[in-house]
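Peer 1: Sharing a structure below in C-alpha cells format, with a few things to ask.
The values are calculated or read from the model by the stated rules, or taken from the named source; none is laboratory data. Keep in mind that what you see is a predicted model, and the values were worked out from it rather than measured. Every residue, glycine as well, gets a Cβ built from its backbone with ideal geometry; the counts of neighbours run over all protein chains shown. Quick note on the areas: whole protein, heavy atoms, side chains included, nothing else; ligands and nucleic acids left out. Shrake-Rupley method; radii C 1.70, N 1.55, O 1.52, S 1.80 Å.
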Amino acid sequence: MSAFAFQDLTVGYGDGAPVVDGLGLDLAEGAVVALLGANGAGKTTVLRALAGLQPARAGRILLGGRDLARLSAEDRVRAGLSLVPEGRSVVVELTVDENLRLGGLWRHRPKARKAAVEEMYALFPALDRRRRAAGHTLSGGERQMLALARALLARPAVVLLDEPSLGLAPKATAQLLGVLRETAARTGLTVLLAEQNVTGALSVASRGVVLSLGAVAADRPAADLAADPALRHAYLGF
Ligand SMILES: Nc1ncnc2c1ncn2[C@@H]1O[C@H](COP(=O)(O)OP(=O)(O)OP(=O)(O)O)[C@@H](O)[C@H]1O
Ligand SMILES: [Mg+2]
C-alpha cells in the first residue's frame, strides 16, 4: 500500500474547453476523501480519467512513486487502482457467487481465488446470505455491495467510487460506507469517494474536496465542511 496522488490533471471532451483543468490532490495511505460538487462539476470525469477510461490531456497519476498516467485501464487495475463506476455494474444474469468468482478469475490458483471470494463474504455478510441469488433479484444496496466487493477482489491500493449511494435507502448507504471506512482503517486502502450525498460522504470521509467548474474550490477536514452552510450554499446547491 502507498500514498496516492495526481497532479496537473486536465481532461476535456472532444476539442472543447477542459472540464477539469490542472487538478491535483494528495491522498495519504488509508485516507477516505470525499469528492463533492454540484451536478456537472466534473467528479465523474476526474474518476474516469484516473481509471484510464477517459483520456487525459495532461497529468501525472502517482501510486507508490510510479506514474500510471500512460497505462491502459487494465494495467492501472493491476497496479492497484480500481474504479466502481456509477450504476452498480454487476452481471444481472449471474448469481452473487458467480459474479464474485468472475471477479476473482485473474487469480490463477483456484485456492487463492476461493479464499479471496470468502474474504468478501466475511466483509459483506448481506452478500453471504444471498450467494445463490440472481443479480436481478438484488436490492440496490446489495448490488452496490456486490460491485464494491468485485472491485476489492483485486486487492486494490486505491478505490475510486462514483456515487455509490445513488438511489440507496439511508440504511443501505450507511452500511456500505461503514464497510468502506472500516476497510480503509484496517487495510490501508485509500478511498476517493465522489458523492452528491454530501452528508453521507462527509460522515465517513476525513477530508472533503469541493470541485467547482473542474477546479478545487475547497479542501478541508470533513467535519469543517459539514458545518459550513455558506460553502454548501455556494457550491453544493443546498
Ligand atoms: N461524454 C461527455 N461528452 C461531453 N461532455 C461531457 C461528457 N460527460 C460529461 N460531460 C461534461 O463534463 C462536465 C462534467 O461532468 P461530470 O459528469 O464529470 O460531472 P459530475 O460532477 O460527475 O456530475 P454529476 O453530479 O451530475 O454526476 C459537464 O459539463 C458535462 O456536461
Ligand atoms: Mg457524476
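Peer 1: Quick one: which helices (runs of 4 or more DSSP H) sit completely within segment 136-238 and have at least 3 residues that are of a type in the set (Ser, Thr, Tyr) and at negative phi?
Peer 2: Because the criterion is at least 3 residues that are of a type in the set (Ser, Thr, Tyr) and at negative phi, the helices (runs of 4 or more DSSP H) in segment 136-238 that meet it are 170-187.
Matching residues to (1) more than 18 Å from residue 162 (Cβ to Cβ); (2) open to solvent by less than 20 Å² (accessible area, probe 1.4 Å):
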| position | (1), (2) |
| --- | --- |
| 186 | yes, no |
| 189 | no, yes |
| 192 | no, yes |
| 195 | no, yes |
| 206 | yes, no |
| 215 | yes, no |
| 218 | yes, yes |
| 224 | yes, no |
| 232 | yes, no |
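Peer 1: Do we find that residue 122 is closer than 30 Å to residue 224 by Cβ and more than 15 Å from the chain's Cα centre (by Cα) in this structure?
Peer 2: The answer is no for residue 122.
Peer 1: Among the residues that make up segment 44-58, is at least one of them under 13 Å from residue 11 (Cβ atoms), out of contact with any His (no Cβ under 6 Å at 6 or more places or on another chain), of a type in the set (Ser, Thr, Tyr) and surrounded by fewer than 21 Cβ atoms within 10 Å (Cβ to Cβ)?
Peer 2: yes
Peer 1: How about segment 99-129: which of its residues are acidic (Asp, Glu) and more than 19 Å from residue 184 (Cβ to Cβ)?
Peer 2: Matches in segment 99-129: 118, 128.
Peer 1: Would it be correct to say that residue 39 is under 21 Å from the mean Cα position of the chain (by Cα), within 16 Å of ligand 1 (Cβ to nearest atom) and not in a strand (DSSP E or B)?
Peer 2: Yes: the conditions hold for residue 39.
Peer 1: Checking residue 82 against (1) open to solvent by 20 Å² or more (accessible area, probe 1.4 Å); (2) under 20 Å from the mean Cα position of the chain (by Cα); (3) more than 22 Å from residue 131 (Cβ to Cβ): exactly one of these is not met. Which one?
Peer 2: (1)
Peer 1: Scan segment 8-36 for residues that are more than 13 Å from ligand 1 (Cβ to nearest atom), under 19 Å from residue 181 (Cα atoms) and assigned to a strand (DSSP E or B) and report the count.
Peer 2: Summing the residues that are more than 13 Å from ligand 1 (Cβ to nearest atom), under 19 Å from residue 181 (Cα atoms) and assigned to a strand (DSSP E or B) in segment 8-36 gives 4.
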